[in-house]
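Below is one structure; the comments refer to it alone.
The values are calculated or read from the model by the stated rules, or taken from the named source; none is laboratory data. Just so it is clear, the model here is predicted, and its values are computed rather than measured. Cβ placement follows ideal geometry from the backbone for every residue including glycine, while neighbour counts extend to all protein chains displayed. In case anyone asks, the SASA skips ligands and DNA or RNA and just uses the protein heavy atoms, side chains included. Shrake-Rupley method; radii C 1.70, N 1.55, O 1.52, S 1.80 Å.
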Amino acid sequence: MKQLKPNDNVRSLLEKSDLPTSDLDTCRSLNLYGIEEGNVLKGTVGYELYGHDILLRSLAVDPEFRGTGLGRELVRQAESLARQNGAHTAWLLTTTAESFFTENGYSKVDRQTAPESIRATSQFSSLCPASSAFMCKRLVA
């Protein structure tokens, strides 16, 4: 997994997965990673770091590589990197992958429990619909 800059390949993969891209260039706290093979972006994941909290976002796997464990690996590596940067809790919003994240240790929680730093993100406040599942996972014991 390598660090990525927002580029056409990233935008294309996120758009194919119906994920927002409008804030990729303006989000100063975005750490974006991906797994590439040649010129093919197989998958991507990102997180925004806010003190001890992260907003996990932009998880997308090219349809050709879905079902291979790549999504789990991307999440695991992003969580590990976030822990190394001081994160204790991961938060996310999803409209389509609630069961995937549940299988990976996330629990659905009430949006009212979101820390102020997470509430202030564009993902939370405007880009993801209110009907999105809001989930969290403790990254440290």
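Every listed requirement among (1) surrounded by fewer than 19 Cβ atoms within 10 Å (Cβ to Cβ); (2) in contact (Cβ under 8 Å) with a residue 24 or more places away in the chain is met by GLY67 save one, (2). For the condition open to solvent by 60 Å² or more (accessible area, probe 1.4 Å), on the phi < 0 side of the Ramachandran plot and touching a residue at least 40 places away in the same chain (Cβ under 8 Å), SER22 qualifies.
Considering segment 1-92, the qualifying strands (runs of 3 or more DSSP E), each wholly inside and each with 2 or more residues that are farther than 20 Å from VAL140 by Cα and either charged (D, E, K, R) or out of contact with any helix residue (DSSP H, G or I) (no Cβ under 7 Å at 6 or more places or on another chain) (or both), run over 30-37, 40-50. Residues in segment 122-141 that are open to solvent by 30 Å² or more (accessible area, probe 1.4 Å), assigned to a loop (DSSP other than H, G, I, E, B) and touching a residue at least 24 places away in the same chain (Cβ under 8 Å): PRO129, SER131, VAL140. Checked against (1) surrounded by 14 or more Cβ atoms within 10 Å (Cβ to Cβ); (2) free of Cβ contacts under 8 Å to residues at least 60 places away in the same chain; (3) not aromatic (Phe, Trp, Tyr), GLU79 meets all criteria but (2). When segment 87-114 is limited to residues that are modelled with pLDDT of 95 or more and more than 13 Å from MET135 (Cβ to Cβ), the one that is most open to solvent (accessible area, probe 1.4 Å) turns out to be HIS88.
Would you confirm whether any residue within segment 122-135 is touching a strand residue (DSSP E or B) at 6+ places or on another chain (Cβ under 7 Å) and aliphatic (A, V, I, L, M)? Yes: segment 122-135 contains one or more residues that are touching a strand residue (DSSP E or B) at 6+ places or on another chain (Cβ under 7 Å) and aliphatic (A, V, I, L, M). Under the condition of being closer than 25 Å to ARG83 by Cβ and surrounded by fewer than 18 Cβ atoms within 10 Å (Cβ to Cβ), the residues counted in segment 2-16 number 3.
Taking the criterion of being touching a residue at least 40 places away in the same chain (Cβ under 8 Å) and either at positive phi or over 15 Å from the mean Cα position of the chain (by Cα) (or both), the residues of segment 86-121 that qualify are HIS88, PRO115, SER117.
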